Amino acid sequence: MKLASLRNGTRDGRLVLVSRDLTRFTDASFLAPTLQAALDDWRRIAPHLATLGESLEHGAVPTERFHEHSALSPLPRAYQWADGSAYVNHVELVRKSRNSEMPASFWSDPLMYQGGSDSFLAPRDPITMADEAWGIDMEGEIAVVVDDVPAGATAEQARDAIRLLMLVNDVSLRNLTAPELAKGFGFFQSKPSSAFSPVAVTPDELGEAWDGGKVHLPLSVDLNGKPFGRADAGVDMVFDFPALVAHAARTRPLVAGSIIGSGTVSNKLDGGPGKPIAHGGAGYSCIAEMRVVETILNGAPATPFLRYGDTVRIEMKDRAGHSVFGAIEQTVGRPQAEE
């Protein structure tokens, strides 16, 4: 199934089912008014959603044209948003940019931070920031949405609780990160609202690309219409999603609708930090990585962080070239003055 939340003047939108080719939708709000409501009663609601989804594919229910611009993030707000760093190559590079040593434990115990989940951006909403000097960066990621997970859950229990997958743009303000972390109390101002893909999909929609823990497809990140990253999400993922969910639930239960992120998708190349697409590599899912590589090779970064007017597009296509989740496409801009 592919599920979306369409704008309807409320905070949480209206639940709809979207066709596999992302061209049509049918109303699902008579089954559950919102995606969160569906997740709260997933075992009862999901079979009805699946039946409705099959009717949608066969043209047996009323449909309308699906426009990704009309979609909110599938969960416009959530009870929990915890983002991991499953691709340790990314962690290593970003820490190097801050002249921070990489502890050996990072390879065996995942990093995770608790992000703000009260206000997510829609996938086509602008990224509005008051100051370019904050170091605005995109981070292309994958996330799972879980059902209730008990405290102390095993990886197997965590795997069984995964209900949906989405793409993420985890917007980061790089020039605020180091001074904030220096306080010893974690991210806050340097992690503004994230955006998620137009649709959330059940794992079965990915077919063989989903092995129960990882998504084995490239994540496309474009900057101003040019390829910036094509890292394979199934490669160099040190901690799979069941491990990340179990880590999040080690000391607390997770409630239905909690979102757990993979962290920035990042690939090595021949044991090194990766190369730009133009140089034969898989590129990068964030600007920070490219700047670190430029510093390693040339002594200083050359690629600027995002500026007003820049546009980021994040998408994942299946082996046949069809978009799986729809696209996150956002332009950086100034906040609009209040009238």
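Hey, can you grab everything whose amide H is under 5 Å from the amide H of Arg24? Only 5+ residues off in sequence or another chain; H modelled, so Pro and N-termini drop out.
Here Ser19, Phe66 satisfy the definition.
With θ set to phi - 60°, apply the Karplus curve 6.51 cos²θ - 1.76 cosθ + 1.60 along segment 11-28 and write out the HN-Hα couplings as whole Hz, x wherever there is a Gly or Pro.
In residue order, the calculated couplings are 5, 9, x, 10, 6, 9, 9, 10, 5, 4, 8, 6, 9, 9, 9, 10, 5, 10 Hz.
If Lys and Arg each add +1 and Asp and Glu each add -1, what is the summed charge of the other residues whose beta carbon sits under 12 Å from the beta carbon of Pro227?
+1
Give me the Kirkwood hydrodynamic radius of segment 62-219 in Å, from all C-alpha pairs, to one decimal place?
This gives a value of 17.5 Å.
Given R₀ = 41 Å, what would the calculated FRET efficiency be for Ala104 paired with Leu297, taking r from the Cβ atoms and rounding to 0.05?
Efficiency computed from Cβ-Cβ geometry: 0.95.
Using only Cα atoms, find the angle between the long axis of helix 287-298 and the longest principal axis of the chain, and express it within 0 to 90 degrees, rounded to the nearest 10.
That works out to roughly 30 degrees.
Test of the criteria: in segment 145-198, which trypsin sites (Lys or Arg not before Pro) are in a DSSP loop and have at most 10 other Cβ atoms within 10 angstrom of their Cβ?
Lys183
Determine the calculated [θ] at 222 nm for the chain from helices alone, applying -39500 (n - 2.57) to every DSSP H run no shorter than 4 residues and normalising by the residue count; nearest 500 deg cm²/dmol.
-5500 deg cm²/dmol
Using only Cα atoms, find the angle between the long axis of helix 88-97 and the longest principal axis of the chain, and express it within 0 to 90 degrees, rounded to the nearest 10.
That works out to roughly 40 degrees.
For segment 144-238, count all C-alpha to C-alpha pairs, find those more than 22 Å apart, and express that count as a whole percent of the total.
That tail contains 49 percent of the Cα-Cα pairs.
Just subtract the alpha-carbon distance of Glu208 and Phe30 from 0.36 nm times their residue separation and send over the number in nm, one decimal.
Computed gain between Glu208 and Phe30 is 60.9 nm.
In whole angstrom, and with the biggest value first, how far do the Cα coordinates of segment 183-339 range along each principal axis?
So the three principal-axis extents are 49, 42, 37 Å.
Report, largest value first, the span of the C-alpha coordinates of the chain along each principal axis, in whole Å.
Sorted largest first, the three principal extents are 61, 49, 42 Å.
Can you tell me what share of the DSSP beta bridges in the chain is antiparallel? A percent to the nearest 5 is fine.
Bridges in the chain are about 90 percent antiparallel.
Rule-based calculations on the coordinates, nothing more; no lab input. Values in this document were obtained by computation on a predicted structure and should not be read as measured data. Glycine also receives a Cβ, built like all others from the backbone with ideal geometry; neighbour counts cover every protein chain displayed.
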